[in-house]
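What follows is a set of notes on a single structure, which appears directly below.
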Amino acid sequence: MLDTHFNAPDQNKSPILPHTAIILFGNHGDDRISGATRHTIKDAQMGLGEYISPNEVVAFFAKNHPQDLTINTPNLVAENDKHLVWYAQSCTKRMWFRVAGSKPLGLEVTWPTLLFVADKISFRLNVYALADDAFPTMDTDVYHAPLMNINGMGNLCLGSAKLPDIISKETMQEIEDTIYDSNFTHVNHRETLQIKNAKKQCDTKTHLAFWKKKAKSKSPVSKKELVKHCQLRELACFGGQK
């Protein structure tokens, strides 16, 4: 039996009655939330619950307790209840490799501009490349990321990495780190790079050689070395088929 009411701060108003309960689940001794259930309350009795994701918990409280206005980050492209889309400008930092048959390797390279599409519900992360650092529009060409561990649809194989419990503007840097701190191990599809010899497929060995050459020359990835995937509007998160 639940406590039926508590007094409102304004004593001239009616008591505030419980109508919804949210139960959070996680491992004992760990503050991380792994799931939640939402229950309706009727006549002080809690009903059966329905599963909701941690992101839906945040959305529930945000809807009922609006916060102060915040300024969007300049690299945020789009957001709704399911997707968060943003891009990270080209930068120079280490790229890590742990390819079978080779010693672990870190190369100082110029990373391409990356487009991130995070699914708040299924906790999937898709990563693509852009030709430059300009803010993308719906007509912007989206390319396959010239990186290992990403399949032909852009989905990142996380391996031992883990996305944060909440996917939001506040955790974008943590999400980006699943790429920048990755130990790349293998090519997941054959179109990660545009190879001059069309008959030569871009396998793991060829891909690693490409980045070794880039590290030595200190040159960025050029547009002609990228393989086009689609336009931004054609990505599934914008209602397209890609």
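The values are calculated or read from the model by the stated rules, or taken from the named source; none is laboratory data. Not measured: the values here are computed from a predicted model. Ideal geometry is used to build each Cβ from the backbone, glycine not excepted, and the neighbour counts take in all protein chains shown.
Taking residues in segment 184-195 that are not assigned by TED's automatic domain parsing to the domain that holds Leu156 and among the small types (Gly, Ala, Ser), and partners anywhere that are surrounded by fewer than 17 Cβ atoms within 10 Å (Cβ to Cβ) and part of a loop (DSSP other than H, G, I, E, B), not one pair has Cβ atoms closer than 8 Å while being at least 6 places apart or on different chains.
Only one entry in Val77, Val99 is touching a Leu at 6+ places or on another chain (Cβ under 9 Å), part of a strand (DSSP E or B) and not basic (Lys, Arg), namely Val77. Take Trp111 and tell me if it is in contact (Cβ under 8 Å) with a residue 12 or more places away in the chain, surrounded by 17 or more Cβ atoms within 10 Å (Cβ to Cβ) and closer than 29 Å to Lys214 by Cα. Taking the combined requirement at face value, the residue satisfies it. Would you be able to say whether some residue in segment 204-219 is over 24 Å from the mean Cα position of the chain (by Cα), assigned to a loop (DSSP other than H, G, I, E, B) and not small (Gly, Ala, Ser)? Yes; the residues of segment 204-219 include at least one that is over 24 Å from the mean Cα position of the chain (by Cα), assigned to a loop (DSSP other than H, G, I, E, B) and not small (Gly, Ala, Ser). Of the residues that make up segment 146-156, is at least one touching a Lys or Arg at 6+ places or on another chain (Cβ under 7 Å), surrounded by fewer than 19 Cβ atoms within 10 Å (Cβ to Cβ) and within 24 Å of Ala78 (Cβ to Cβ)? For segment 146-156, residues touching a Lys or Arg at 6+ places or on another chain (Cβ under 7 Å), surrounded by fewer than 19 Cβ atoms within 10 Å (Cβ to Cβ) and within 24 Å of Ala78 (Cβ to Cβ): present.
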